[in-house]
């Protein structure tokens, strides 16, 4: 005989899972919150699958929170598998969730292909996850890899890259200096703006970009003087 409370739990879980698929985002958000409040390991597959297709940012973030409430030995293998998905959102959300879980053993799964993913959201998630998960001895190599992305994308993409690099600390200084000597003015400006943020976090990215563009426009002599 199945215990009454077990039957009730299963019925409640079914209702919550059904609610994750309804058209109303508020209902889906409440369902994800309820699942995370009373986490059930058996729901991990559904949560991971839903992350890959959920259209609402806030619901996705709640799904991530619900996954962090489960034991990492259950969630991490499922999320690592998603890193090879053909669906960009699946890769991006898995990276985001892994960064929140913070299991350093995941570091080898943050591959070069993810850091250079053609989808901007996947790449941004990979940059953030890499910064969180990289062992101390890998940070310089990671910084060099990230620096190859200078000049990529729109403002938000460039800001994400700058923030990821700044989070690595002073290890990025020689890498920034090299990028600031690039023949590409866009790369030089992005690297210069990142250096400004490293030394003056309160400057603001837009101000740092405009200042960097001004310096680049004035020529190499002014860039050298500013770097001192």
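Of the residues that sit in region 133-142 and are in contact with a helix residue (DSSP H, G or I) (Cβ under 8 Å, 6 or more places away or on another chain) and surrounded by fewer than 22 Cβ atoms within 10 Å (Cβ to Cβ), which one is nearest to residue 106 (Cα to Cα)?
Per the criteria, the residue is 134.
Evaluate region 95-114: report whether one residue or more is closer than 26 Å to residue 79 by Cβ, in contact (Cβ under 8 Å) with a residue 40 or more places away in the chain and in contact with a helix residue (DSSP H, G or I) (Cβ under 8 Å, 6 or more places away or on another chain).
yes
Looking at region 171-185, which of its residues are touching a residue at least 12 places away in the same chain (Cβ under 8 Å) and in a helix (DSSP H, G or I)?
Correct list: 171, 172, 173, 175, 176, 177, 178, 179, 185.
Considering only region 11-21, I want to know if a residue exists there that is within 21 Å of the chain's Cα centre (by Cα), surrounded by 15 or more Cβ atoms within 10 Å (Cβ to Cβ) and in a helix (DSSP H, G or I).
So far as region 11-21 goes, no, none of its residues is within 21 Å of the chain's Cα centre (by Cα), surrounded by 15 or more Cβ atoms within 10 Å (Cβ to Cβ) and in a helix (DSSP H, G or I).
Would it be correct to say that residue 110 is surrounded by 21 or more Cβ atoms within 10 Å (Cβ to Cβ), assigned by TED's automatic domain parsing to the domain that holds residue 67 and at pLDDT 95 or above?
Numbers: surrounded by 21 or more Cβ atoms within 10 Å (Cβ to Cβ): yes; assigned by TED's automatic domain parsing to the domain that holds residue 67: yes; at pLDDT 95 or above: yes.
So residue 110 fits the description; yes.
Taking only region 168-190 into account, find how many residues are crowded, with 16+ Cβ neighbours inside 10 Å and under 20 Å from the mean Cα position of the chain (by Cα).
Result for region 168-190: 3.
How many residues does region 22-76 contain that are in contact with a helix residue (DSSP H, G or I) (Cβ under 8 Å, 6 or more places away or on another chain), modelled with pLDDT under 95 and part of a loop (DSSP other than H, G, I, E, B)?
Count: 3.
Restricting attention to region 202-228, and to residues there that are exposed (fewer than 12 other Cβ atoms within 10 Å of the Cβ) and modelled with pLDDT of 65 or more, which single residue is nearest to residue 157 (Cα to Cα)?
Among those that are exposed (fewer than 12 other Cβ atoms within 10 Å of the Cβ) and modelled with pLDDT of 65 or more, it is 206.
From 182, 125, 192, 160, which residue is outside the structural domain of residue 81 (by TED's automatic domain parsing) and closer than 25 Å to residue 50 by Cβ?
Testing whether each residue is outside the structural domain of residue 81 (by TED's automatic domain parsing) and closer than 25 Å to residue 50 by Cβ leaves just 160.
The values are calculated or read from the model by the stated rules, or taken from the named source; none is laboratory data. All values reported here derive from a predicted model rather than from experimental measurement. FYI the Cβ positions are ideal-geometry reconstructions off the backbone, even for glycines, and counts take in every protein chain you see.
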